[in-house]
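*Asks:* So that we are looking at the same thing, I have put the structure below in structure tokens.
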Amino acid sequence: MKMNSTKTAVVTGASGGIGRASAEALARAGFTVFGTSRKASNGPDGVTMLVCDVTDGEAVAALVSTVLSKTGRIDLLVNNAGIGMLGGAEEFSMAQVQALFDVNLFGVIRMTNAVLPSMRQQGEGRIVNIGSILGLVPAPYSAHYSAVKHALEGYSESLDHEVRAFNIRVSVIEPGFVRTVFDQNGIEPDSLLKEYDQARAGFKALLADVMPKADRPEMVADAVVKAATDARPRRRYTVGKAARQVSLLRRFAPAELFDKTLRKQFRLPV
Ligand SMILES: NC(=O)c1ccc[n+]([C@@H]2O[C@H](COP(=O)([O-])OP(=O)(O)OC[C@H]3O[C@@H](n4cnc5c(N)ncnc54)[C@H](OP(=O)(O)O)[C@@H]3O)[C@@H](O)[C@H]2O)c1
């Protein structure tokens with residue numbers, strides 16, 4: 001993609017964490033950046049914040065039309081808005097599972113469908129979706145989150161095949177653990193089952209262990225800028241040493257060994 005000051009980017013969920021760092025990095029890289037939040041907020045330097053809930057189709061349409069009325073084009077959409085959900089799969093109600101998919105997958109699809117017509121018309125565009133290493137490796141106590149991030153991988157790769165004819169490319173960023181307030185913003189199970197108490201203590205201990213040493217959001221933001229500006233964007237950008245190791249092990253280690261290593265990490269009997 002040619003880089004000049006007229007390139008416009010929209011970053012969903014730019015009020016904090018990875019979205020804020022990405023919006024800031026894109027502004028530094030010369031994009032005119034619009035960030036979104038569900039509530040009125042101040043963005044980082046050079047980022048105009050707009051209110052939008054990605055679960056609301058009318059709000060999404062209004063957001064895209066506001067940006068187009070200001071700049072005439074959207075060159076880059078970063079689908080970052082997302083929530084977490086950690087716990088035993090059967091502890092969450094269907095309403096909770098649907099709420100997760102409504103933000104993390106259907107929100108991406110709503111935003112994407114809203115920007116594609118103008119991208120096709122202008123004959124170029126980039127869509128960068130924030131996935132997760134859990135979109136490559138299903139882990140225990142994140143069944144629904146792993147499912148939604150796997151779905152995002154499938155959606156993104158299919159879409160990339162379809163829209164390449166219009167000079168539009170789709171990439172997925174795959175971070176490991178990142179130091180944000182994501183774990184505190186997640187959906188808590190509707191019904192805590194005592195049968196999972198020990199497992200819960202195990203994965204909470206794992207989180208407490210890894211989160212303070214987790215990657216910085218700026219590392220993910222660097223990958224977003226690369227996906228937005230690389231002359232030949234990759235379909236996937238894995239971020240951080242841990243995520244790269246897991247991704248390699250998943251592809252090349254024997255399945256049994258991988259299974260045992262993962263269970264050990266989650267303090268599960270092997
Ligand atoms: N942190 C990690 O370890 C990690 C690892 C891999 C992937 N990820 C992915 O990275 C993305 C960002 O996560 P983060 O760690 O930066 O979390 P975060 O700090 O909790 O930020 C989440 C952002 O999403 C926005 N959001 C939530 N629900 C929304 C909705 N319905 N409509 C619009 N915006 C909404 C929030 O905005 P408001 O609350 O202001 O509306 C906030 O800006 C997510 O897609 C997540 O799955 C995170």
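*Asks:* Report the extension gain between residue 162 and residue 89 in nm, rounded to one decimal, defined as 0.36 nm multiplied by the number of residues separating them, less their alpha carbon distance.
*Replies:* 22.9 nm
*Asks:* So, one more: To the nearest 20 debye, what is the magnitude of the charge dipole of segment 26-170 about its Cα centre, counting +1 on the Cβ of each Lys and Arg and -1 on the Cβ of each Asp and Glu?
*Replies:* Rounded to the nearest 20 debye, it is 480 debye.
*Asks:* Can you tally the net charge around residue 92? Count Lys and Arg as +1, Asp and Glu as -1, for every other residue whose Cβ sits under 14 Å from the Cβ of residue 92.
*Replies:* Charge balance in the 14 Å sphere: -4.
*Asks:* Amide H neighbours of residue 78 under 5 Å, counting only residues 5+ apart in sequence or on other chains, H built in-plane at 1.01 Å?
*Replies:* Answer set, sorted by chain and number: 10, 11, 12, 128.
*Asks:* Right, here's the next one. Label residue 244 and residue 122 with points 7 Å out from Cα along Cα→Cβ: what is the distance between them in nm?
*Replies:* Each label point is offset 7 Å from its Cα along the Cβ direction, giving 3.2 nm.
*Asks:* List, in order, the whole-Hz ³J(HN,Hα) value for each residue of segment 180-193 obtained from phi through the Karplus relation with A = 6.51, B = -1.76, C = 1.60 and θ = phi - 60°; use x for Gly and Pro.
*Replies:* Result, ordered by residue: 9, 8, 3, 5, 7, 8, x, 7, 8, x, 5, 9, 6, 9 Hz.
*Asks:* How large is ³J(HN,Hα) for each residue in segment 197-204, as worked out from phi by the Karplus curve 6.51 cos²θ - 1.76 cosθ + 1.60 (θ = phi - 60°), to whole Hz, x for Gly and Pro?
*Replies:* 4, 5, 4, 4, 4, x, 6, 5
*Asks:* Ok, one more. Using just the helices of the chain, give the 222 nm mean residue ellipticity in deg cm²/dmol: DSSP H runs with n ≥ 4 each add -39,500 (n - 2.57), and the total is spread over all residues, rounded to 500.
*Replies:* -15000 deg cm²/dmol
*Asks:* I would also like to ask the following. Which shape class applies to segment 7-265: rounded if a/c is under 1.5, otherwise prolate when a/b exceeds b/c and oblate if not, where a ≥ b ≥ c are the square roots of the Cα gyration tensor eigenvalues?
*Replies:* In terms of gyration-tensor shape, prolate.
*Asks:* With only alpha-carbon atoms counted, please give the Rg and Dmax of segment 175-267, in Å.
*Replies:* Final numbers for Rg and Dmax: 16.3, 52 Å.
*Asks:* Sort 48-57, 21-30 for me by packing, meaning the mean count of neighbouring Cβ atoms within 10 Å per residue, highest on top.
*Replies:* 21-30, 48-57
*Asks:* Something else about it: Along the charge dipole of the chain, which of 80, 214, 270 sits closest to the positive end, that is, farthest toward it, with unit charges on the beta carbon of Lys, Arg, Asp and Glu (+1, +1, -1, -1)?
*Replies:* Value computed over the given set: 214.
*Asks:* Could you tell me how many degrees, from 0 to 90 and to the nearest 10, lie between the Cα long axis of helix 17-28 and the main elongation axis, the longest principal axis, of the Cα atoms of the chain?
*Replies:* Its long axis makes an angle of about 30 degrees.
*Asks:* Near residue 204, which lysines are there with a Cα under 16 Å away, not counting those fewer than 8 places off in the same chain?
*Replies:* The qualifying lysines are 194, 213, 264.
*Asks:* Right, something else. Report the net charge of residues surrounding residue 193, where surrounding means a beta-carbon distance below 14 angstrom and charges are Lys +1, Arg +1, Asp -1, Glu -1.
*Replies:* -4
*Asks:* Quick one: length gained pulling residue 213 to residue 66 fully straight, 0.36 nm per residue minus the C-alpha distance?
*Replies:* Contour length minus Cα-Cα distance gives 49.0 nm.
*Asks:* Before anything else, pin down the relative contact order of the chain: Cα pairs under 8 Å, at least 6 apart, normalised by residue count, whole percent.
*Replies:* Reported as a whole number, the value is 20 percent.
*Asks:* Calculate the spin-label point distance for residue 265 paired with residue 183, positioning each point 7 Å from the Cα along the beta-carbon direction, and give it in nanometres.
*Replies:* With each label point 7 Å from Cα toward Cβ, the separation is 1.4 nm.
*Asks:* Hey, any idea what % of segment 53-172's accessible area is carbon plus sulfur with a 1.4 Å probe?
*Replies:* 55
*Asks:* Further question: For residue 268, what accessible surface area do you get with a 1.4 Å probe? Give it in Å², rounded to 10.
*Replies:* 40
*Asks:* Counting Lys and Arg as +1 and Asp and Glu as -1, what is the net charge of the other residues whose Cβ lies under 10 Å from the Cβ of residue 237?
*Replies:* Its environment carries a net charge of +1.
*Asks:* Given H placed 1.01 Å from N in the peptide plane, which residues other than close sequence neighbours of residue 33 have an amide H under 5 Å from its amide H?
*Replies:* Amide H neighbours of residue 33, under 5 Å, 5+ apart: 9, 48.
*Asks:* Could I ask something else about it? Size of the dipole of segment 7-265 about the Cα centre, Lys and Arg at +1 and Asp and Glu at -1 on the beta carbon, nothing else charged, in debye to 20?
*Replies:* 880
*Asks:* Further question: With a ≥ b ≥ c taken as the square roots of the eigenvalues of the C-alpha gyration tensor of segment 1-78, please select rounded if a/c is under 1.5 and otherwise prolate if a/b is larger than b/c or oblate if it is not?
*Replies:* Since a/c reaches 1.5 but b/c is at least a/b, the shape of segment 1-78 is classed as oblate.
*Asks:* Nearest 0.05, what FRET efficiency do residue 6 and residue 98 give at R0 = 30 Å with Cβ-Cβ as r?
*Replies:* 0.15
*Asks:* What whole-number value in Å² describes the accessible area per residue of the chain for a 1.4 Å probe?
*Replies:* With all protein chains present, the chain gives 48 Å² per residue.
The values are calculated or read from the model by the stated rules, or taken from the named source; none is laboratory data. Note that the coordinates shown come from a computational prediction; the quantities given were computed from them, not determined experimentally. Every residue, glycine among them, receives a Cβ derived from its backbone with ideal geometry; neighbour counts consider all protein chains shown. These accessible areas exclude ligands, DNA and RNA; they are computed on the full protein's heavy atoms, side chains included. Shrake-Rupley method; radii C 1.70, N 1.55, O 1.52, S 1.80 Å.
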